[in-house]
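A.B. asks: A single structure is presented below for examination.
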Amino acid sequence: MTKPPQDGADRSADTTRAVLVALLASLIVISAIWILRPFLPATIWAVTIGVTTWPLLLRLQAVLGHSRGLAVSVTILIALLIFVLPLWLAITTVVRHAGDLGMMLSSAAAFRLPPEPEWLRHLPLIGPHAGSVWEKAQHMKLPEVVSQVIPSPEYLIRSFLSYAGSFSMLAVQFLLTLVILGVLLMKAEAATAAAEHLVTTLAGERGRDMLMLAGHTIRGVAFGVTVTAIVESAVAGLGLKIAAVPLASILTAVTFMACLLQAGPGVTLIPAVIWVYFDRGLVPAIILPLITVVTIVIDNVLRPYLIRKQADIPLVLIMLGVIGGLSGLGLVGIFVGPLVLSVAYTLTRHWVADSRKTVTPQ
């Protein structure tokens, strides 16, 4: 008698072997990530800055006699001035003047609105109703009034420092970021080729499209969030200086942190406008609100423009990714969150489009 065929048993053994190999490979990858966990934030920062500055590096290399080393040095210097130095200055300013900031918050807590001005009572339509609103606000502390609209600066500072980690660890992370960035830029072509080969092997041409989308998303978010925060805080600092607001440098640093955390420049400027009106007079009270309006316009125009210029994805998706990534992953989540959501959105859109093409009309 002949033995029955063993095709079913062989296929079962091959399936079991494939599952075990996949589990082992997954375990090895997870173990490697866990071992390299202390270096992941610096690596993510370096990859983000490297992807963002890659077009600049190519232009500099062409200008500087095709010297990759010189172009990398200049690119790292520019990245240091744009992405690292503002964050470092903001943190060190707040830490160095923590006592002054605490005194400012204490004095703000004791602030009370003066009696209702006479001209407010005679305003048409709103005059008769403004008195009751003014009286309620008069019995409230300034932080309580402002906290109904925007988060408190003290909360934002604690949140930012908790995301950033300890001061010494942040310095180490910045140093590691620059070192890893230099290595990545020197070997950028090899790293790009390896990434393209990996995604093409896993997902074909669709994977290559996802890699291109990831690069544009990183570049758009990096410019949109960081550059907008720098411009907003610079304009806000100028307005605070002109209005002679005390501790303007500290408030400028807090404004930069608030803009990075997507809270907006109003966190510092709106309380400053209220204080200036009652303490400095009418002229500074007119200048600072104008500066506040300009910064809010910058926040709502420049950031969407820079983001959408690189990545054609809904702006609300970018903002949700920034806020959610920041909450879940810390500062690096500013870039990881939008990247994940953007890739997921594009994949879903392509899958829906492909499914519609395969459905034939009845």
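The values are calculated or read from the model by the stated rules, or taken from the named source; none is laboratory data. Values in this document were obtained by computation on a predicted structure and should not be read as measured data. In this analysis, Cβ positions are derived from the backbone assuming ideal geometry, glycine residues included, and neighbour counts consider all displayed protein chains.
A.B. asks: Go through the stretch 258-285 and count every residue that is at pLDDT below 75 and part of a loop (DSSP other than H, G, I, E, B).
C.D. replies: Counting residues in the stretch 258-285 that are at pLDDT below 75 and part of a loop (DSSP other than H, G, I, E, B) gives 4.
A.B. asks: To continue, here is another question. Give just the number: which of (1) surrounded by fewer than 20 Cβ atoms within 10 Å (Cβ to Cβ); (2) under 24 Å from residue 92 (Cα atoms); (3) modelled with pLDDT of 75 or more does residue 327 not satisfy?
C.D. replies: Going through (1) surrounded by fewer than 20 Cβ atoms within 10 Å (Cβ to Cβ); (2) under 24 Å from residue 92 (Cα atoms); (3) modelled with pLDDT of 75 or more one by one, residue 327 breaks only (3).
A.B. asks: Can I ask one more? Select from the stretch 216-249 the residues that are of a type outside the set (Gly, Ala, Ser) and either in a loop (DSSP other than H, G, I, E, B) or without any contact (Cβ under 8 Å) to a residue 24 or more places away in the chain (or both) and list them in ascending order.
C.D. replies: 241, 245, 246, 247
A.B. asks: OK, next. Quick check: is even one residue across the stretch 274-289 surrounded by fewer than 16 Cβ atoms within 10 Å (Cβ to Cβ) and small (Gly, Ala, Ser)?
C.D. replies: Looking for residues that are surrounded by fewer than 16 Cβ atoms within 10 Å (Cβ to Cβ) and small (Gly, Ala, Ser), one finds at least one in the stretch 274-289, hence yes.
A.B. asks: Go through the stretch 166-199 and give me each residue that's modelled with pLDDT under 80 and of a type in the set (S, T, N, Q).
C.D. replies: 166, 168, 173
A.B. asks: Does the stretch 33-54 include one or more residues that are among the aromatic types (Phe, Trp, Tyr), in a helix (DSSP H, G or I), surrounded by 11 or more Cβ atoms within 10 Å (Cβ to Cβ) and at pLDDT below 85?
C.D. replies: yes
A.B. asks: Under the condition of being buried (at least 24 other Cβ atoms within 10 Å of the Cβ) and in contact with a Pro (Cβ under 7 Å, 6 or more places away or on another chain), which residue from the stretch 218-242 is farthest from residue 287 (Cα to Cα)?
C.D. replies: In this case the residue turns out to be 221.
To keep it simple, each residue is scored yes or no on (1) of a type in the set (Lys, Arg); (2) free of Cβ contacts under 8 Å to residues at least 24 places away in the same chain; (3) closer than 17 Å to residue 52 by Cα.
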{"residue": "297", "(1), (2), (3)": "no, yes, no"}
{"residue": "303", "(1), (2), (3)": "yes, no, yes"}
{"residue": "307", "(1), (2), (3)": "no, no, yes"}
{"residue": "315", "(1), (2), (3)": "no, yes, no"}
{"residue": "318", "(1), (2), (3)": "no, no, yes"}
{"residue": "322", "(1), (2), (3)": "no, no, yes"}
{"residue": "326", "(1), (2), (3)": "no, no, no"}
